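One structure below.
Each value in this text was obtained by applying a stated rule to the coordinates, not by laboratory testing. Model, not experiment: these values are computed from the prediction. Neighbour counts are summed over all protein chains in view; Cβ atoms, including those assigned to glycine, are modelled from backbone coordinates with ideal geometry.
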Amino acid sequence: MNLQTLKSEVIDFSKSIGIDKIGFASADTFETLKGRLLMQQALGYQSGFEEPDIEKRTNPGLLVPKAKSIIAIALAYPSKLKDAPRSTKEDRRGIFCRASWGKDYHDVLREKLAKLEAFLKEKSPDILVKSMVDTGELSDRAVAERAGIGWSGKNCAIITPEFGSYVYLGEIVTNIPFEPDQPVEDQCGTCNKCVDACPTGALVQGGQLNAQRCIAYLTQTKGFLPEEFRQKIGNRLYGCDTCQTVCPENKGKDFHLHEEMEPDPELAKPSLKPLLTISNREFKEKFGHVSGSWRGKKPIQRNAIIALAHYKDDTAVPDLYKLMKEDPRPVIRGTAAWAIGKIGHAESEEFLQQQLETEEDSDVRKEIETGLKLLRT
């Protein structure tokens, strides 16, 4: 088997199935990454969504016996929303980040990787492969950086010369020793715009992220959102794009290359009030195909309540009263109490006082007391 010919054939095939960029890397242990991950762990900067075993995250040989190389792929996604609905006083809107526009990118990339796997097995029946996207053991970013897909930006995203950082990443670990590609030179230079613009200071410094403070992570949590972050979240329902939108490398970058990634404007910027009472079935039918639905409706509903408070939406107060009286989930009742206080209707004080007398959950009671304080200031 001529490896150079096979590599060329893999590249050609990848283009034929709509892969926008492909690169090849060695399957050597990611020693530098290992040190960084250990430091992140010690500092408590991890999100908890990662693979917990750092050895698996940094040693491809633990995933595929006699791993020799990794094939990295990238697919470009849109950055501009066409025909975006306007948020009005009567119809306030939330926003899903760009990574949750269109069909769930995990599914899109897995389909591409499955086709690539089948092609490789057809060429070499004895090949060993393992594919992964986002939730796999390896760091997609570290693999893509080594494979020359792009450089690792200060915003902790891979930045490609062609598509900026608006790319989804995936990889295949294999026992075929493909010749590795050259990494791309870091081009962030002295630019620090992403670090300066981060709403919560989650970018501790260029290339170092405290995930516990990152809005993209916080929007996916299911408990009470710490109060210091509630103002920062604004109208975001899932994810955060600030560190991408301020990046000069992303200026003018907007690619609509994949039909399945095209966003439905009504789902990317949905009306907030209907989200408060959406059923599980309705949520699954409406949002189940987007990546932002993976944690279920509860975080989205909590974030919608915070967004309504951000807008100080008077028209939402009756809906928030209803949630406080009827919703069985403490996080929703408590967040609604805080939002009522934030919106600031004087007549809401009597309602919150009544709820305080009947509420049994201690966390919700604290939120009601906070809501009352906000009304009285």
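General observations
- By the Cβ-Cβ criterion of under 4.7 Å, the unpaired cysteines of the chain are 97, 156, 188, 191, 198, 214, 240, 247.
- Residue of 172, 158, 54 that the Gaussian network model of the chain assigns the largest fluctuation, springs spanning Cα pairs under 10 Å: 54
- Cα-based radius of gyration for region 50-152, normalised by 2.2 N^0.38 Å, reads 1.42.
- Local net charge near residue 219, Cβ-Cβ under 10 Å (Lys/Arg +1, Asp/Glu -1): +3
- Full extension of the segment from residue 362 to residue 88, taken as 0.36 nm per residue of separation minus the current Cα-Cα distance, would add 95.1 nm.
- Per residue, the average separation of C-alpha pairs within less than 8 Å and at least 6 apart gives the chain a relative contact order of 20 percent.
- For region 1-58 and region 168-200, distance of Cα centres in Å: 10
- Rounded to the nearest 20 debye, the dipole magnitude of region 70-204 is 640 debye, with +1 charges on Lys and Arg beta carbons, -1 on Asp and Glu beta carbons, and the Cα centre as origin.
- Rounded FRET efficiency, nearest 0.05, which uses the C-beta distance separating residue 281 from residue 373 and R0 of 45 Å: 0.75
- When only the Cβ of Lys, Arg, Asp and Glu is charged (+1, +1, -1, -1), the dipole of region 22-74 relative to its Cα centre reaches about 140 debye.
- Built amide H within the under 5 Å cut-off of residue 151, gap 5+: 159
- Gain in span if fully extended, residue 312 to residue 38, counting 0.36 nm per residue against the direct Cα distance: 94.4 nm
- Its DSSP H runs of at least 4 residues, each contributing -39,500 (n - 2.57), put the calculated 222 nm mean residue ellipticity of the chain at -12000 deg cm²/dmol, to the nearest 500.
- Result for the chain in a Gaussian network model with C-alpha springs under 10 Å: among 293, 16, 152, the largest mean-square fluctuation is at 16.
- Stretchable slack from residue 110 to residue 12, in nm (0.36 nm times residue separation minus alpha-carbon distance): 33.4 nm
- Unsatisfied cross-links (Cα-Cα over 21 Å) in the set 322/366; 286/322; 34/68; 15/123: 286/322
- Inter-label distance for residue 53 and residue 119, nm, one decimal - labels placed 7 Å from Cα along Cα-to-Cβ: 3.1
- Distance histogram for region 81-230 (every C-alpha pair counted, 10 angstrom bins, percent rounded to whole numbers): 9, 28, 34, 20, 8, 2, 0
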